[in-house]
Amino acid sequence: MSSSIISNLINLIDANQLRQNLFYLSKDPLPYRRLNYTVSRTGKNTLYQADDFIQSKLESWRYSVEKEGVEVRAFNCDTSKPKAHQYSSPSEEYPWFTAYNLYAKKVGVVHPEDIILFLSHKDSQSWVDSPGAYDNCAGTVSTMEIARVLKDYPSRCSIWFLFCNEEHTPWTSVTAAQNAKLRNDNLIAIFNLDSMGGKSQADINANRKTNVTLFTEPEGERFADLMDEVNEIYQIGLTQRKHQRQSPGDDDGSFITAGFPMAIMNVGSFPYADPNYHLETDIPELVDIQNLCMSTQASLAAGLSVDLGKV
């Protein structure tokens, strides 16, 4: 019974929805998702416009959206570094902005105190004119699509969706994680979706559909193994592997550092090998929508397996 529920739901993941939202948030009308870039005709910075779009979609699926403000600044650009790694500490004169974590929450009907969290950073790079299509518009629209598919699903556990910011400083996932710990939130699974489908030119040429699940602490390994299991059970077709980090990183690392060691990250490759990483050429036309769709299906299948007590 539970396998058929999962199979039916992951088959609702819609590649066209992923594509439409991806192009909206990383090309037209929003070329970037940055606090320090404003589309002149609106007078509102592009990250706030992205927030408005994400919120409107979530509300159309009957979620209430909560906003958590965090003071941040744009990164500086150090051109002495390799192009993909030119972010550096902000100059003193850089202005402060309020960036927002956006939350949408489903309340569980059996174990509402147990929480499964899907999260993605929604901002693009604040120091370079990159659309950030893979990094991390891909993860953002994946989390949105999971929320859409689950809108009418009577989950046993609570399922939360968090859209945070990692390309400005400080990362707003740190605040989200610290506040979760202060509230004693009972997070039982944490899936960070970041740059899913982003892979090497060799993998692109071979048309491989890749996903790597990163875990840091031993508590995360069973969720990394779960990603492999659902890929096989539901015949998703990913080239799936797991990798243990030596120290916490990315937005899952914010939660690990705050005391949630089970957090994992799904990413297209590791070490991350997209040839357009942090470049102006990280455009939506180059995103492998089929790979993104498959990675979204696998992430959803893993989350549903937790909800249905299969883990």
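Numbers at a glance
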| item | result |
| --- | --- |
| In Hz, Karplus ³J(HN,Hα) per residue of the range 23-31 (6.51, -1.76, 1.60; θ = phi - 60°; x = Gly, Pro) | 5, 4, 8, 9, 9, 9, x, 10, x |
| Residue-by-residue Karplus 3J(HN,Hα) for the range 263-270, coefficients 6.51, -1.76, 1.60, Hz, glycine and proline x | 4, 10, 10, 9, 9, x, 7, 7 |
| Estimated [θ] at 222 nm from DSSP helical runs (n ≥ 4, -39500 (n - 2.57)) normalised by residues in the chain, nearest 500 | -10500 deg cm²/dmol |
| Reachable lysines, given that their alpha-carbon falls under 21 Å from the alpha-carbon of LYS122 and they are not under 8 places away in the same chain | LYS27, LYS44, LYS57, LYS67, LYS105, LYS106, LYS151, LYS199 |
| For the chain, the longest site-free run once trypsin sites (Lys or Arg not before Pro) in DSSP loop states with at most 12 other Cβ atoms within 10 Å are removed | 184-311 |
| Table column - 3J(HN,Hα) (Hz), the range 190-196, Karplus curve with 6.51, -1.76, 1.60, x for Gly and Pro | 9, 10, 8, 9, 9, 6, 5 |
| Within the range 54-96, backbone nitrogen closer than 11 Å to the virtual label 7 Å beyond the Cα of GLN178 toward Cβ | 71 |
| Rh (Kirkwood; distinct C-alpha pairs) - the range 2-307, Å | 19.1 |
| Amide proton proximity set for LYS242, modelled H, under 5 Å, gap of 5+ | THR213 |
| Projected label distance in nm at LEU12 and ARG41, using a 7 Å step from Cα toward the beta-carbon | 3.5 |
| Chain lengthening between GLU92 and VAL110 when straightened (0.36 nm per residue, less Cα-Cα) | 1.5 nm |
| Net lengthening on full extension, SER64/LYS27 (0.36 nm per residue, minus Cα-Cα) | 10.6 nm |
| R0 of 30 Å, Cβ-Cβ distance ASN76-HIS243: FRET efficiency to nearest 0.05 | 0.45 |
| For ASP274, residues with placed amide H under 5 Å, excluding near neighbours | LYS199 |
| Long-range amide H partners of LYS209 with built H, under 5 Å | THR239 |
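Every number here is computed from the coordinates shown, using simple stated rules; none is lab data. The shown structure was predicted, so the numbers you read here are calculated from the model rather than taken from an experiment. Using ideal geometry, Cβ is built from the backbone for each residue, glycine included, and neighbour counts are taken over all protein chains shown.
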